[in-house]
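A short reminder: the numbers here are calculations on the coordinates, not readings from a lab. All values derive from a computational prediction rather than experimental measurement. Cβ: placed from backbone, ideal geometry, glycine included. Neighbour counts: every protein chain shown.
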Amino acid sequence: MPRLCQPCTACCDGWLQITVDDQPVYPGRPCPHSTGHSCRIFERRPEDPCRQFVCAWLSPHSHLPEDFRPDLARAIVLADVRRWQGQAVDVAVPVGRRIPGKTLAWLKDYSRLHGRPLIYLEQADKQMKYSREQGVQAFGPPAFQAEMLARLKSGTKLW
């Protein structure tokens, strides 16, 4: 049975930094169409980014368990966003300030067992307010971590 977006609205609630109908969406500023548990315009939502976006949990060939729907796991996983030495790299974005320990532990275990390096984000604390700034962590082989750190320092996009 295919997985369905709603009632999850994690991507709409500002955890992913996107633009919808010329409105910036980012942590602390949700999509103007989100009710927090559904989309007011779901049937006529824009193609980009709404219809085109598919999180790893929603993907037909998802490697994530059922309870990893982003609003439940408190993380949005983006699968295979880049390649590193022929390996798929996953990115995990928190739904909130940080990815919960249990969720992050599962992602790290999966990364280790399947050789899929992981990049995960967390909110930078700015007087306990959400912001567009996010801390970035790399998990995987030391060479992967070193390369991601060098990319961060040089200002090169990680994905």
### Query
Between residues in the stretch 20-34 that are in contact (Cβ under 8 Å) with a residue 24 or more places away in the chain and within 23 Å of residue 121 (Cα to Cα) and residues that are surrounded by fewer than 19 Cβ atoms within 10 Å (Cβ to Cβ) and among the aromatic types (Phe, Trp, Tyr), which pairs lie under 7 Å by C-beta distance while being six or more apart or on different chains?
27/130; 28/130
#### Entry: Output for the stretch 136-159, where each listed residue is loosely packed, with under 13 Cβ neighbours inside 10 Å and either within 15 Å of the chain's Cα centre (by Cα) or under 12 Å from residue 84 (Cβ atoms) (or both)
143, 146, 159
### Task
Kindly establish whether residue 116 is on the phi < 0 side of the Ramachandran plot, charged (D, E, K, R) and surrounded by 14 or more Cβ atoms within 10 Å (Cβ to Cβ).
yes
### Task
Six or more apart or on different chains, Cβ under 6 Å: which pairs go from a residue in the stretch 139-157 that's among the hydrophobic types (A, V, I, L, M, F, W, C) to one that's surrounded by 15 or more Cβ atoms within 10 Å (Cβ to Cβ) and assigned to a helix (DSSP H, G or I)? Could you list them?
139/108; 139/111
### Query
What pairs can you find where one residue is in the stretch 78-107 and aromatic (Phe, Trp, Tyr), the other is surrounded by 15 or more Cβ atoms within 10 Å (Cβ to Cβ), and their Cβ atoms are less than 7 Å apart, with a gap of 6+ or different chains?
84/117; 84/144
### Query
Would a scan of the stretch 51-59 turn up a residue that is in a loop (DSSP other than H, G, I, E, B), surrounded by fewer than 19 Cβ atoms within 10 Å (Cβ to Cβ), within 12 Å of the chain's Cα centre (by Cα) and without any contact (Cβ under 8 Å) to a residue 12 or more places away in the chain?
yes
### Task
Restrict the check to the stretch 36-43 and report whether at least one residue is over 16 Å from the mean Cα position of the chain (by Cα), closer than 21 Å to residue 108 by Cα and basic (Lys, Arg).
no
